[in-house]
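*Asks:* This is the structure, below, for whatever I ask next.
The values are calculated or read from the model by the stated rules, or taken from the named source; none is laboratory data. Note that the coordinates shown come from a computational prediction; the quantities given were computed from them, not determined experimentally. Neighbour counts run over all protein chains shown; Cβ positions are idealised from the backbone, glycine included.
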Amino acid sequence: MGKRVKDPPAKPNIASLPDYPRGLTFEHVWAALMEDRVKREIDYKEMRERSDRLDKQISALGNRFGEMIEHMMRPKIREKLKSYGFLFTETSFDKEFGTDDNIIAEVDVFLENREKVMVVEIKSKPDMDDVKDHLERMDILRAWADDKDDKRQYFGTIGGMVFDKDVQKFAHKCGLYTIIPSGDAFDIVEPAGEYRPRVW
């Protein structure tokens, strides 16, 4: 019986192979990858620029909203504070402290008489950092007053059209009065209960 010869290997089905472009080189592939990468970087840059523009627009809108709130509250703050025994005779707005070369503090509303001063900061929506900033402002003004031999009592108030309960509680804990919205107007709330107004 003759020796059996193995069947030759099957030839690949040319029709089933991927249709790669003829003459494709490594340089072609690398150039395509680089082109895609550059396009992605340009798209990302454009996206970041659009995001930055939007952030600036939102910030500007927030500033204008804050200014509008200040103008709504300013005329009535002195009257509202009378209910707590504050009879202020002078009111200043956007008051700066320091020198032309070195402004140490800026105050939205500064109310005063011969014995007491109320320093008011108004935000559209105060947060914890705004409260801390106002406490720092109060310390700066106390030191400034001492340098001027101003012995009056200094009090602090922070207000906003939107006032989170936790932020308001923190402000009261720190001894600050708060200005909160109430219907079409606003109320000034004194730290009460376990908290007391702080005197600087």
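*Asks:* I'd like the residue in the stretch 178-189 that is in contact (Cβ under 8 Å) with a residue 24 or more places away in the chain and not acidic (Asp, Glu) and, out of all such residues, is farthest from Asp108 (Cα to Cα). Give the steps one after another, and end with the answer.
*Replies:* Taking the stretch 178-189 as the starting set, the residues that turn out to be in contact (Cβ under 8 Å) with a residue 24 or more places away in the chain are 179, 185-188.
Filter again for not acidic (Asp, Glu), leaving 179, 185-186, 188.
Working: Ile179: 13, Ala185: 19, Phe186: 17, Ile188: 16 Å.
This residue is Ala185.
*Asks:* Suppose we keep only residues that are basic (Lys, Arg) and surrounded by fewer than 21 Cβ atoms within 10 Å (Cβ to Cβ) within the stretch 96-124. Which one would you say is farthest from Gly85 (Cα to Cα)?
*Replies:* Of everything passing the filter in the stretch 96-124, Arg114 is farthest from Gly85 (Cα to Cα).
*Asks:* Could you check, for the stretch 132-148, whether at least one of its residues is surrounded by 17 or more Cβ atoms within 10 Å (Cβ to Cβ) and either polar (S, T, N, Q) or assigned to a strand (DSSP E or B) (or both)?
*Replies:* Scanning the stretch 132-148, I find no residue that is surrounded by 17 or more Cβ atoms within 10 Å (Cβ to Cβ) and either polar (S, T, N, Q) or assigned to a strand (DSSP E or B) (or both), so the answer is no.
*Asks:* Moving to a separate point now. Test Gly175 against the stated conditions and say whether it is of a type in the set (Gly, Ala, Ser), part of a strand (DSSP E or B) and within 20 Å of Lys82 (Cα to Cα). Break it down into steps so the answer makes sense when it comes.
*Replies:* On the way: of a type in the set (Gly, Ala, Ser): yes; part of a strand (DSSP E or B): no; within 20 Å of Lys82 (Cα to Cα): yes.
Against the criterion (of a type in the set (Gly, Ala, Ser), part of a strand (DSSP E or B) and within 20 Å of Lys82 (Cα to Cα)), Gly175 does not qualify.
*Asks:* Being acidic (Asp, Glu) and more than 13 Å from Ile77 (Cβ to Cβ) narrows it down to one residue among Asp187, Asp146, Asp108; which is it?
*Replies:* Working: Asp187 fails: more than 13 Å from Ile77 (Cβ to Cβ); Asp108 fails: more than 13 Å from Ile77 (Cβ to Cβ).
Selected residue: Asp146, the only one of Asp187, Asp146, Asp108 that is acidic (Asp, Glu) and more than 13 Å from Ile77 (Cβ to Cβ).
*Asks:* Before we move on, is Asp127 acidic (Asp, Glu), within 17 Å of Phe97 (Cα to Cα), out of contact with any Lys or Arg (no Cβ under 8 Å at 6 or more places or on another chain) and surrounded by 13 or more Cβ atoms within 10 Å (Cβ to Cβ)? Reasoning before the result, please.
*Replies:* Working: acidic (Asp, Glu): yes; within 17 Å of Phe97 (Cα to Cα): no; out of contact with any Lys or Arg (no Cβ under 8 Å at 6 or more places or on another chain): yes; surrounded by 13 or more Cβ atoms within 10 Å (Cβ to Cβ): yes.
The answer is no for Asp127.
*Asks:* Additional query: Please determine, by comparing only the residues of the stretch 21-32 that are in a helix (DSSP H, G or I) and surrounded by fewer than 10 Cβ atoms within 10 Å (Cβ to Cβ), which one is modelled with the highest pLDDT.
*Replies:* As a first pass, look at the stretch 21-32 and keep what is in a helix (DSSP H, G or I): 26-32.
In the following step, the residues that additionally are surrounded by fewer than 10 Cβ atoms within 10 Å (Cβ to Cβ) were identified as 26-27.
Values: Phe26: 69, Glu27: 73.
By that ranking, first place goes to Glu27.
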